[in-house]
Amino acid sequence: MASTAPVNAPVEEDDDEPSWTDFAVAIPTLAFAIIPFTSLWDSFADPEGVARKYRGVARLLETVGPVTVSAVFAVITVALVAIAVHKRRTYAKQH
């Protein structure tokens, strides 16, 4: 009689070399961190100047303020770059 117990096969690790696109992912978040200090911010954070469906987002941006939005996206950018560097170093140690 055959056993019906599940077999625990080892999980294969992903051994692909990290790509430079890991660093490119941080570029849009860096752009969003810079936008609050440009003239675009006034058009994004003006609830009366945007379409009706975006007024809630514009009101949120107006309430939170440019420094807070910039700080949040800066932290995200630093985290993404740190993850990319960690992946590169881990791969370099293994090979």
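Per-residue 3J(HN,Hα) values for region 79-95, derived from phi via the Karplus relation 6.51 cos²θ - 1.76 cosθ + 1.60 with θ = phi - 60°, read 5, 5, 5, 5, 5, 5, 5, 4, 4, 5, 5, 5, 5, 5, 5, 6, 10 Hz in sequence order (x marks Gly and Pro). What the chain shows is 80 Å² of accessible area per residue, with the surface traced by a 1.4 Å probe over protein heavy atoms. Extension gain, THR4-TRP20: 0.36 nm per intervening residue step, less the Cα-Cα distance, totals 1.2 nm.
Sequence-ordered 3J(HN,Hα) estimates for region 17-24 from the Karplus curve with 6.51, -1.76 and 1.60 and θ = phi - 60° stand at 5, x, 9, 6, 5, 4, 7, 5 Hz, glycine and proline given as x. Looking only at region 15-56, which residues have a backbone nitrogen under 12 Å from a spot 7 Å from the Cα of VAL72 in the C-beta direction? Taking a point 7 Å out along Cα→Cβ of VAL72, the residues of region 15-56 whose backbone N falls under 12 Å are 33.
Here the chain has 65 percent of its accessible surface on carbon and sulfur atoms, given a 1.4 Å probe and all protein chains in place.
According to the Cα-based calculation, Rg over Rh for the chain is 1.31, with Rh computed by the Kirkwood formula.
The values are calculated or read from the model by the stated rules, or taken from the named source; none is laboratory data. These numbers come from a predicted model, not from an experiment. Please note: Cβ atoms are built from the backbone with ideal geometry, for glycine as well, and neighbour counts cover all protein chains shown. When the accessible area is computed, the model is the full protein with side chains, heavy atoms only, and any ligands, DNA or RNA have been set aside. Shrake-Rupley method; radii C 1.70, N 1.55, O 1.52, S 1.80 Å.
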